[in-house]
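The next block holds one structure in the form of structure tokens; read it before the comments.
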Amino acid sequence: MGLQNLLWVYYNNSPFNAVMDAYIGEIPIWKFRLPQGFWNGRQGQKNIRRALECFAKSKKIGQPKHCRNIQCVDFEEAGLSTLINAYFNGSPYLALKTLFPDLEPWQSSRVGVGYYEDDENKKRALTSFFLSKGIPSIDGLSPEETYDEGLKLIVSKKALCDFGLRGILRYTNGSIYRLFKAMYPEQILPWTLNTKESWKENPKQTAAEAVRWLFEDYLLIPEAEIPEYASCKLFWRVGFSGILTNRTIGFNSFPYAAVDNAYPGRFSSNQFTGSRKVKSKRTKKLIKSRK
């Protein structure tokens, strides 16, 4: 066609480069028989990016969140096994990070070996999880402020796995409580998360500590006024219903039993009959927020 000079001057005598320049992202690179050294040098870097862009388009990968299900086999089936193995050490994460510089390890199908051995990496991953749920980092919060974030409702093994953090749980044998307690020792109390593990050792003692914390630190209610507030409705609203209904503890949904366990002999059962008052502004606000 008389285009030899064009091919030589602009495309280093490569028909492949000429066609790919004309049909950027439209023709799969694996349809061609690639020349030797195609991935090497400065031009090789351009070829790598071009190949990844074409691959991403074919897999409909437009954002980092679309990368989670991409595995080595996808690259191999696309004829890019040499690329992924020789230039990205068999890591889809490293390959896709070329296209998405902000891609995090947990957004890919496989996190690098030993990545979560570093506590800072664990915390980065958990902070990203919190942000995805509309919660800022809980570093620096008090236990009460942390409880206000409602972690019971969002933190679960399924939620972490769905976010791509299955690997992080291996370091605590699948224990969510031990993971969060290790990462946030000042913020996480035995009742901060929805977990049974923290209640196994001595549930009545833990219940006593929880009830004292509820009234003294969280709701700021003077001890003498506790009977005026303690009701099933209150326990339910602040997420403490499990303390009343747990058969192992044995309070049988009776607030007096829970309070007496925390403050032995301080109150009589007849103080817990009838309606309860809600006088504290903080208490009203907290109860309203739990509706």
What shape does region 215-254 take by its C-alpha gyration tensor, where a ≥ b ≥ c are the square roots of the eigenvalues and a/c under 1.5 counts as rounded, a/b above b/c as prolate, and the rest as oblate? prolate
For the ranges 107-120, 78-91, what's the packing order if you count other beta-carbon atoms within 10 Å of each residue, average per peptide, and put the highest first? 78-91, 107-120
Sorted peptide list for 36-46, 198-208, 183-193, criterion being average Cβ within 10 angstrom, highest first: 183-193, 198-208, 36-46
Expressed as a whole-number percentage, the relative contact order of region 137-249 with C-alpha contacts under 8 angstrom and at least six residues apart is 23 percent
Taking all protein chains in place and a 1.4 Å probe, what share, in percent, of the accessible surface of the chain do carbon and sulfur account for? 48 percent
On a 32 Å Cα-Cα criterion, which of the cross-link pairs LYS181/LYS233; LYS59/LYS152; LYS59/LYS133; LYS97/LYS200 come out too long? LYS59/LYS152; LYS97/LYS200
Eligible aspartates and glutamates near LYS65 by straight Cα distance, threshold 14 Å, same-chain separation 8 or greater: ASP102, GLU104, ASP162
Can you give me the solvent accessible area of PHE240 with a 1.4 Å probe, rounded to the nearest 10 Å²? 0 Å²
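The values are calculated or read from the model by the stated rules, or taken from the named source; none is laboratory data. Source: prediction; values computed, not measured. Virtual Cβ from ideal backbone geometry, glycine too; neighbours counted across all protein chains shown. We work out accessible area using only protein heavy atoms, side chains counted, and drop any ligands, DNA or RNA first. Shrake-Rupley method; radii C 1.70, N 1.55, O 1.52, S 1.80 Å.
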